[in-house]
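Here is the structure we will look at.
The values are calculated or read from the model by the stated rules, or taken from the named source; none is laboratory data. Just so it is clear, the model here is predicted, and its values are computed rather than measured. Every residue, glycine as well, gets a Cβ built from its backbone with ideal geometry; the counts of neighbours run over all protein chains shown. For the accessible areas, the whole protein counts, side chains as well, though only heavy atoms, and no ligand, DNA or RNA atoms are used. Shrake-Rupley method; radii C 1.70, N 1.55, O 1.52, S 1.80 Å.
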Amino acid sequence: MAIQVGDSIPNVTVFVMGEDGGPQAISTDELFKGKKVALFGVPGAFTPTCSASHLPGYVKNADALRDKGADDIICLAVNDAFVMTAWGVDQNVGDKVRMVSDGTATFAKATGLELDLSEPGLGMRCQRFSMIVDDGVVKDIETEDPPTVDLTSAEKMLEKMS
């Protein structure tokens, strides 16, 4: 069963690019504790819809999300930290969105948000989702099937942020 409003984010290890140029482990407790976070997940870095609209929408609306109270904006995908970093560079993310790697789908599986895309050769991924997380607790969650980006868009999240 997928994570729901009122649930706590499970404490698992994900990865970001470290200052040394290699993947650095970080716990979800560290990412979410004491913060209001605009979190969104995509099926894959560099995939058409994710690159054309989902991530760019959050980059474009980063300041507005912060004005509505987001301490951090996180993009999560089942890709390694090198790919997530390269995608962030390709998309001119800068410091607007934190690119987080769930390379082995640990977060996706722990939250029930995994998506099996083996048929088209992509393997296990995460569903397209968005969450507002406040001090580690899910305050809002939306999921939708690729390639749609309506319910999980930055614009929809802005409507829900308080």
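In segment 70-162, Rg over Rh equals 0.95, where Rg is the alpha-carbon radius of gyration and Rh the Kirkwood radius from pairwise Cα distances. Averaged per residue, the chain has 47 square angstrom of accessible surface, using a 1.4 angstrom probe with ligands and nucleic acids left out. Fully extending the segment from Phe82 to Asp150 would add 21.7 nm, taking 0.36 nm per residue of separation and subtracting the current Cα-Cα distance. Entry note, the chain: the mean residue ellipticity at 222 nm calculated from DSSP H runs of n ≥ 4, each adding -39500 (n - 2.57), is -5500 deg cm²/dmol after division by the residues and rounding to the nearest 500.
Label sites at Thr49 and Leu158, each approximated as a point 7 angstrom past Cα along Cα to Cβ, lie 2.1 nm apart.
Positive-end ranking of Gln127, Thr47, Cys75 along the dipole of the chain, with charges on Cβ about the Cα centre, is headed by Cys75. Taking the Cα centre of the chain as reference, the dipole from Cβ charges on Lys and Arg (+1) and Asp and Glu (-1) amounts to some 180 debye.
Evaluating kT/(6 pi eta Rh) at 37 °C and 0.692 mPa s, with the Kirkwood radius of segment 1-117 over Cα pairs in the Stokes-Einstein relation, gives 227 µm² s⁻¹.
A protection proxy built from the mean count of other Cβ atoms within 10 Å ranks the segments 90-103, 7-20, most packed first, as 90-103, 7-20. Between Lys109 and Met1, the modelled labels are 2.1 nm apart [label points 7 Å from Cα along Cα→Cβ]. For segment 1-72 versus segment 75-138, the spacing of their alpha-carbon centroids is 7 Å. Heavy-atom surface analysis with a 1.4 Å probe gives the chain a carbon and sulfur content of 49 percent of its accessible area.
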